[in-house]
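All of the numbers you see were taken from the coordinates with simple rules; none came from a lab. Just so it is clear, the model here is predicted, and its values are computed rather than measured. So basically every Cβ, Gly included, is an ideal-geometry build from the backbone, and we count neighbours across all protein chains shown.
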Amino acid sequence: MRTALITGIAGQDGSYLADFLLGKGYNVVGMVRRSSTVTFERIRHIQDEINIVQGDLHDQSSLVEIIEEFRPDEVYNLAAQSFIPLSWKQPVFTGEVTAMGVTRLLEAIRLVNPATRFFQASSSEMFGKVRAVPQNESTPFYPRSPYGVAKAYAHWVTINYRESYSLFAVSGILFNHESPRRGLDFVTRKITNGGARIKLGLADELRLGNLESQRDWGFAGDYVEAMWLMLQSDQPEDFVIGTGRTHSVRQFCEAAFSTLGLDYQDYVVQDERFYRPVETELLLSDPSKAKEILGWEPKVSFEKLIRMMVESDLSLVSKEVT
């Protein structure tokens with residue numbers, strides 16, 4: 001039985017990855033920060049099947065202790081300060097966790113068990129002010145947020161440890177991926193949950209930022225399979241993971257509200273308070289390398305993803321009414 005350590009297991013990606021790895025017969029260890037507000041809602045259904053341990057990407061010694069105790073075959077680093085608007089308000093914290101935390105984790109692996117295979121969750125936000133459309137593994141980075149800058153550092157330090165110490169360390173450059181388990185502060189979930197609340201009479205409008213922003217949106221459950229496939233390869237390589245299709249926030253609103261039998265134009269209000277200081281440009285993935293080498297392709301379409309999220313939020317919100 002192989003052992004996998006997942007940082008950020010209580011998050012969207014961590015929970016789907018834990019589901020996936022349990023299905024593969026892994027012993028799953030999940031690292032969480034000690035906090036009085038930690039919620040295990042996303043992993044409650046599997047909490048008895050996994051080992052939960054306390055650790056912190058700020059604390060080198062806790063990472064070393066976890067690697068020493070569990071000797072994981074694979075480590076998936078999904079922990080980060082991942083809410084992009086917050087990265088402008090807390091840039092130092094974002095850098096400490098999202099950038100330096102990766103260095104601490106890689107160093108723990110190097111010191112304790114260099115045979116461990118390491119996956120870093122990189123982000124399409126590293127492309128920012130894009131140099132080419134679509135973006136592939138060779139496209140230069142030009143991040144446009146403290147979050148994107150921190151992710152770019154983490155990406156390059158992963159490559160540096162691979163080349164300096166011959167670690168099996170890889171980065172998946174993940175384009176936006178959503179699900180019913182997405183946090184309510186992210187725009188996609190804000191739309192599906194807000195639409196459900198309007199449908200059930202609990203709200204009469206939804207305030208959003210720039211409706212013309214475009215993203216390459218996929219399903220988180222598909223993307224965790226790509227993470228696993230990357231660590232099963234013979235050689236450590238980085239891959240762009242995305243759908244190769246792009247949609248605007250406006251199109252997301254239109255599809256979500258249409259699923260609810262509503263016209264988004266009657267309820268959605270653009271509010272400049274939610275605009276970013278600077279916006280990324282057209283983020284569109286070229287996942288052809290992942291298809292060719294890993295045999296990976298997304299299974300859930302944009303339309304199916306939205307239906308899944310809307311139906312989940314409609315069920316969730318309806319409990320507030322009854």
Quiz item: In degrees, nearest 10, range 0 to 90: what is the angle between the Cα axis of helix 60-70 and the longest Cα principal axis of the chain?
Solution: 80
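Sort Met309, Met1 so the one with the fewest other Cβ atoms within 10 Å of its own Cβ comes first. Display every interim value, and only then the final one.
On the way: Met309 26, Met1 7.
Ascending number of Cβ neighbours within 10 Å: Met1, Met309.
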Quiz prompt | the chain - share of DSSP beta bridges that are antiparallel (%, nearest 5) | solution = 5
Practice problem: Would you list the P(r) distribution for the stretch 233-322, with all Cα-Cα distances sorted into 5 Å bins from 0 and each bin expressed as a whole %? | Solution: 2, 10, 14, 16, 16, 16, 11, 8, 5, 2, 0
Exercise. Would you mind computing, in nm to one decimal, how far apart the modelled labels at Phe93 and Lys291 are, each placed 7 Å from Cα along Cα→Cβ?
Key: 4.1
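If neighbour count is taken as other Cβ atoms inside 10 Å, put Met308, Met31 in order from fewest to most. Could you put the intermediate results ahead of the total?
Details: Met308 18, Met31 27.
Listing Met308, Met31 from fewest to most nearby Cβ atoms yields Met308, Met31.
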Quiz prompt | Length-normalised contact order of the stretch 146-262 in % [C-alpha pairs under 8 Å, at least 6 apart] | solution = 33
Quiz item: Residue by residue through the stretch 244-255, which ³J(HN,Hα) values in whole Hz follow from phi under the Karplus form 6.51 cos²θ - 1.76 cosθ + 1.60 (θ = phi - 60°), with glycine and proline marked x?
Solution: x, 10, 10, 9, 8, 4, 4, 5, 4, 4, 4, 5
Quiz item: How far, in degrees from 0 to 90, does helix 187-199 lean away from the longest principal axis of the Cα atoms of the chain, to the nearest 10?
Solution: 40
Quiz item: Within straight cross-link reach of Lys199, meaning Cα distance under 17 Å, which lysines are found once same-chain residues fewer than 8 apart are removed?
Solution: Lys190, Lys319
Quiz prompt | Residue-by-residue Karplus 3J(HN,Hα) for the stretch 106-119, coefficients 6.51, -1.76, 1.60, Hz, glycine and proline x | solution = 4, 5, 4, 5, 4, 6, 9, 8, x, 6, 4, 8, 10, 10
Quiz item: Label-point separation (nm) for Gln235 and Asn160, each offset 7 Å from Cα along Cα-to-Cβ?
Solution: 2.4
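For each pair in Lys151/Lys289; Lys24/Lys291; Lys89/Lys304, compute the distance between the two Cα atoms and list the pairs where it is over 28 Å. Don't skip to the answer; put the middle values down first.
Working: Lys151/Lys289 21 Å; Lys24/Lys291 21 Å; Lys89/Lys304 34 Å.
As for pairs spanning more than 28 Å Cα to Cα, those are Lys89/Lys304.
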Exercise. Can you tell me the equivalent ellipsoid semi-axes for the stretch 279-322? Use √(5λ) from the Cα gyration tensor, largest first, whole Å.
Key: 33, 16, 7
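Run the numbers on the stretch 50-164 and let me know its relative contact order in percent, using alpha-carbon pairs under 8 Å that are six or more apart.
Values: 164 pairs, mean separation 34.1, N = 115.
Relative contact order, the stretch 50-164: 30 percent.
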Practice problem: Kindly identify the stretch 53-141 as rounded, prolate or oblate by the Cα gyration tensor criterion: order the square roots of the eigenvalues as a ≥ b ≥ c, call it rounded if a/c is under 1.5, otherwise compare a/b with b/c, prolate if a/b is larger, else oblate. | Solution: oblate
Practice problem: Scan around Ala169 for amide H atoms under 5 Å from its own, H built in the peptide plane at 1.01 Å from N, and keep only partners 5 or more places away or cross-chain. | Solution: Phe118
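Order by neighbour count: Met230, Met100, fewest other Cβ atoms within 10 Å first, most last. Numbers along the way, then the final one.
Numbers: Met230 25, Met100 17.
The fewest-first ordering by Cβ neighbours comes to Met100, Met230.
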Quiz item: Pick the calculated Kirkwood radius over Cα pairs in Å for this structure from (i) 20.2; (ii) 19.5; (iii) 21.5?
Solution: (i)
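Quick one: grab the alpha carbon gyration tensor of the stretch 1-150, order the square roots of its eigenvalues as a ≥ b ≥ c, and give me rounded if a/c is under 1.5, else prolate or oblate depending on whether a/b is larger than b/c. Working shown, then result.
Details: a/c = 1.60, a/b = 1.55, b/c = 1.03.
Note, shape of the stretch 1-150 comes out prolate.
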Quiz item: Which far-off residues, 5 or more places away or on another chain, put their amide H under 5 Å from the one on Gly218, with H placed in the peptide plane?
Solution: His177, Glu178
Quiz item: What is the set of long-range amide H partners of Ile241 at a cut-off below 5 Å, with H atoms built 1.01 Å from backbone N?
Solution: Ile173, Leu174, Phe175
Quiz item: What base-10 log of the normalised intensity I(q)/I(0) is obtained for the stretch 134-246 from the Debye formula, alpha carbons as equal point scatterers, at q = 0.12, 0.13, 0.17, 0.19 Å⁻¹?
Solution: -0.57, -0.65, -0.98, -1.14
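How much mean residue ellipticity at 222 nm does the chain get from its helices, if each DSSP H run of length 4 or more adds -39500 (n - 2.57) and you divide by all residues, to the nearest 500 deg cm²/dmol?
Numbers: 10 runs with 121 residues, N = 322.
So the calculated ellipticity at 222 nm is -11500 deg cm²/dmol.
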Self-check item: Spatial separation of Cα centroids for the stretch 33-79 and the stretch 227-306, in angstrom
Solution: 28
